[in-house]
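Derivation of every value follows stated rules applied to the coordinates shown; laboratory data play no part. Being a predicted model, the structure only gives us computed values, none of them experimental. Backbone-built Cβ (ideal geometry, glycine too); neighbour counts: all protein chains shown.
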Amino acid sequence: MGRYLLRRLLIAVPSLLGISVVLFVVLALAPGDPFGELASNPNVPPEVGAALRAKFGLDDPIALRYLRWLSAMLHGDWGFSFVSRMDVDTLILQRLPATLFIIGSSQVLALLIALPVGVYSAVRPYSIFDHIANLLAFIGFSLPTFFTGLLFILLFSIYLDWLPFVYRTDIGGSGWHWYWEQFKQSAMPVAVLALLQAASWTRYVRSSVLEVSRLDYVTTARAKGLPERMVVIKHVVRNALIPVVTLVALQMPGLFGGAIVTEQIFRIPGIGSLLISSILANDTPVIMAVTFVFACLVILFNLLADVLYGWLDPRIAYR
Amino acid sequence: MAERGSPAGEIWRRFRRHKLAVASAVILALMALAVAFGPLLWRVPINDIDFSSHLEGPSWNHPFGTDDLGQDLLARMLYGGRISLAVGLAAMLVAVTVGTAIGAIAGMSRGSIDAALMWLTDLFLSLPPLPLLLLVIYLFREPLTKLVGLELGTFILIVVVIGGFRWMQVARLVRAQFLTLREKEFVEAARALGMTSLRLVIRHILPNSLGPIIVAGTIDVAAAIIAESTLSFLGLGFPPDIPTWGRILFDAKDYLDIAPHWALFAGGAIFLAVLSINFIGDGLRDAMDPRTQA
C-alpha cells in the first residue's frame with residue numbers, strides 16, 4: 001500500500017506542473033502590464049520604468065519567468081493581497097476550512113443518498129421505484145446549483161422560515177446550541193451540492209450494479225445458498241463501486257464550480273466566494289492563488305479516489 | 001415515414017420509443033421557436049422602464065410580471081433566451097470541433113503524438129473549469145471588448161472559453177472510435193485502393209463514429225447553457241443590458257422575498273431547457289447504441 005501511494009503521489013507531480021504551466025501561460029498571454037501605469041505616467045522617466053522591468057525580470061524569456069514564478073509559489077511566497085491587506089496564503093488558509101467542510105459534508109450526504117437508491121434501483125430494474133428514481137436523477141442533474149439554491153431559500157427561509165440563508169462564522173453560544181446553529185446554517189448549502197452529486201452518482205451506481213449482478217460469480221454466490229442481502233451487499237456492491245469511484249473522481253473538477261456558486265449564494269466565507277470577490281476587486285494575486293488551490297484540491301481528491309480504488313480492488317494495490 | 005432499414009429511419013424509430021425524449025424534443029422546439037419568433041409577436045421593448053408597475057406578478061399586461069425597473073419580463077426572457085440558447089449551441093460546436101480534431105489526430109497517429117495529446121486531454125480533464133473560466137474572462141474581457149465591441153466580445157469570449165474547457169470528452173470518444181475503426185476491413189480496403197489518410201478519415205472513419213459524437217454534443221449544449229448561466233449568475237458573464245436567463249436570475253435573487261416570480265420564470269426556463277436537452281441526449285444514446293437492440 002505504501003509503495004502504491006508513493007507511486008500515485010509521483011504521478012500527481014507532473015499534473016500539478018502541467019496545471020501550473022497552464023495557469024502561467026494564461027496569465028502571461030493576458031494583455032495588460034503591471035507597469036503599464038508607470039509607462040503612461042509622465043512623472044516617471046522611461047529609464048526608471050525600464051529599470052523596474054529589469055529588476056522584476058519582466059523582459060526575461062518566458063521559460064525563465066515561469067521557473068521564477070514556480071519557485072516562488074513552492075516557497076510559499078504567494079504574493080500580497082492589496083485589497084485585504086494580508087498575505088495571500090494566510091487569507092486562503094483562513095477561508096479554506098469553510099469550503100472543505102461544505103464540500104466534504106455534501107459528498108458524504110450524496111453518498112448516503114446515491115448508494116442505497118442506486119443499489120435498490122438496480123436490484124429491481126424497471127420497477128416503479130426505479131423509474132421514479134431515474135426521473136428524479138435527471139431532474140437533479142438538470143437543476144443548476146444556483147437555481148436549486150434560490151429554490152431552497154425561497155422554500156425554507158422565506159415561506160417556512162426554518163433556516164437562515166446567510167452563513168455566519170461568528171455564531172454565538174457553545175456546545176449543543178452551537179452545533180445546532182451550525183447544522184441549520186449549513187443544511188441548505190450542503191444539500192444543494194449533495195443533490196447535484198447524488199443525482200449523477202445514483203445513475204452510475206445503478207448501471208454498475210446492474211452490470212456486475214449479471215456476472216457468473218454472483219450466480220455462484222446465489223447458488224451456494226447465500227441470502228440475497230448478503231449477495232448484494234458483500235459480493236455485488238463492492239465490485240460495482242470500482243468503476244463508480246473512477247466516474248466520481250472525473251466529476252470532481254465540476255464539483256468545485258458548484259461549490260463556488262453555493263458559497264456565493266449563501267455567502268459562505270470560503271475560497272469560492274473569495275475568488276468572486278477578488279475578481280470583482282481586480283485582486284490578481286488572490287485570483288491566481290485560489291485557482292491554483294482549486295486545481296490542487298482536484299488532484300488531492302483524485303489521489304484519495306486512487307487510494308479508495310486500491311482498497312476496493314486489491315489487484316491494483318499490489319501491482 | 002422513413003422506411004425501415006435506412007440507418008436514420010432506424011434511429012428515428014427507436015428514438016420515438018423513448019417517450020420522455022420525444023416530449024422533451026417537442027418542448028425544446030417550442031422554446032426555440034418562442035425565442036426565435038416571440039420577439040416579433042410580443043412587441044414590448046425589453047428596456048421600457050416603468051416604475052409605476054415595478055415588481056408586479058404575472059398579469060395580462062405582463063404575462064411573466066415585471067422586474068424592479070418595471071421592465072416586461074416576458075420580452076426580456078424571449079430576448080435573453082436567444083443568447084442563452086445561442087451560447088449553448090455555439091459553445092457545443094467549438095467543443096465538438098476541437099474535440100473531434102484532437103481525437104482524430106490522436107486516433108490516427110501512433111506513438112508520441114497520441115500520447116502527448118492524451119496527456120493534454122487528461123490534464124484538461126483535471127482542471128477545475130469554473131475557476132479557470134472566471135480567470136480567463138477576468139483577464140481577457142477588456143481587451144477583447146475593446147477590439148470588437150462589448151456584446152460581440154463577451155459572446156465570443158464566453159463561447160470560446162466554455163467550448164475550450166469542454167472538448168475532452170469528445171476527444172476521448174473520437175479517439176476510441178478511431179482506434180477500433182481504423183483496423184476494420186472496410187477501412188483497410190479503402191486504404192489498399194490508395195486513399196489518402198485525410199480522405200479516409202473524412203469519407204469512412206468519421207461518418208462511422210458520428211453516433212457518440214452527436215450524443216456527447218447534445219449533452220454539451222446543456223452543460224454550456226448551465227456554464228453561461230452560472231457566469232451570468234455570478235455577475236461575471238454578459239453585461240446587464242443583455243438579459244440572458246442567468247443574468248435575469250442574478251438580478252432577481254435580491255428580490256426573492258417580494259418578487260419570487262422573477263427568479264422562478266428565469267430559473268425555470270434554464271431548468272426546462274437543460275432537462276429537455278438531457279432527455280434528448282438520453283433518447284439519442286438509446287437510439288444510436290446498437291447494444292440496446294430491441
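Kindly point out which whole DSSP H helices in chain A project their C-alpha atoms 27 angstrom or further along the helix axis while averaging a Kyte-Doolittle hydropathy of -0.5 or above.
Working: long enough: A:2-29 (41 Å, 1.85); A:88-123 (50 Å, 1.54); A:175-213 (47 Å, 0.09); A:238-266 (38 Å, 1.18); A:284-312 (42 Å, 2.01).
In chain A, the long hydrophobic H runs are A:2-29, A:88-123, A:175-213, A:238-266, A:284-312.
Comparing B:E185, B:E151, B:E228, which has the greatest mean-square fluctuation in the GNM of chain B with Cα pairs linked when under 10 Å apart?
B:E185
With Cβ to Cβ distances under 12 Å as the rule, what net charge do the other residues near A:L250 carry (K, R +1; D, E -1)?
0
What's the Kirkwood radius of the range B:136-294 in Å, using all Cα pairs?
Working: mean 1/r = 0.0535 Å⁻¹.
That comes to 18.7 Å for the range B:136-294.
Run the reach check for A:K234 against lysines, Cα to Cα strictly under 21 Å, same-chain hits fewer than 8 apart removed. What comes back?
A:K224
Percent of alpha carbon pairs in chain B separated by more than 30 Å?
Working: 18478 of 43071 pairs.
Percentage above 30 Å: 43.
Counting only Cα atoms, I'd like the Rg/Rh figure for the range A:66-221, Kirkwood definition for Rh. Provide the component values of the computation, followed by the final result.
On the way: Rg = 21.6 Å, Rh = 19.1 Å.
Rounded to two decimals, Rg over Rh is 1.13.
In Å and whole numbers, how far do the C-alpha atoms of the range A:192-319 stretch along each principal axis, longest first?
Here the Cα extents, ordered largest to smallest, are 67, 33, 18 Å.
Over the alpha carbons of the range B:146-210, what is the largest minus smallest coordinate on each principal axis, giving the biggest first in Å?
Reported extents, whole Å, longest axis first: 53, 22, 13.
Which value, in nm² and rounded to one decimal, describes the direction-averaged projected area of the C-alpha convex hull of the range B:1-121?
Working: hull surface 52.1 nm².
Taking the Cα atoms of the range B:1-121, their convex hull projects to 13.0 nm² on average.
Cα convex hull of the range A:133-256: how many Å³ per residue? It would help to have the intermediate numbers written out before the result.
Details: hull volume 19.7 nm³, N = 124.
Once divided by residue count, the hull of the range A:133-256 is 159 Å³.
Could you list log10 I(q)/I(0) for the protein assembly as shown at q = 0.10, 0.12 Å⁻¹, which the Debye formula gives when each Cα is one point scatterer?
-1.04, -1.48
Net charge within 15 Å of B:V98 by Cβ-Cβ distance, Lys/Arg positive one each and Asp/Glu negative one each, not counting B:V98 itself? Walk me through the numbers before you get to the answer.
Working: positive: B:R166, B:R172, B:R175; negative: B:D220.
Neighbourhood net charge equals +2.
Any chance you could get the radius of gyration and Dmax over the Cα atoms of the range A:148-202, in Å?
Rg then Dmax for the range A:148-202, in Å: 12.7, 38.
Given charges of +1 on the Cβ of Lys and Arg and -1 on the Cβ of Asp and Glu, with all other atoms neutral, how large is the dipole of chain B about its Cα centre, in debye to the nearest 20? Could you put the intermediate results ahead of the total?
Values: 24 positive and 24 negative charges, 299 e Å.
Around 1440 debye, computed over chain B.
Once you have the Kirkwood Rh of the range B:96-178 from its Cα pairs, apply Stokes-Einstein at 4 °C and 1.567 mPa s and quote D in µm²/s.
Values: Rh = 13.8 Å.
Estimated via Stokes-Einstein, D reaches 94 µm²/s.
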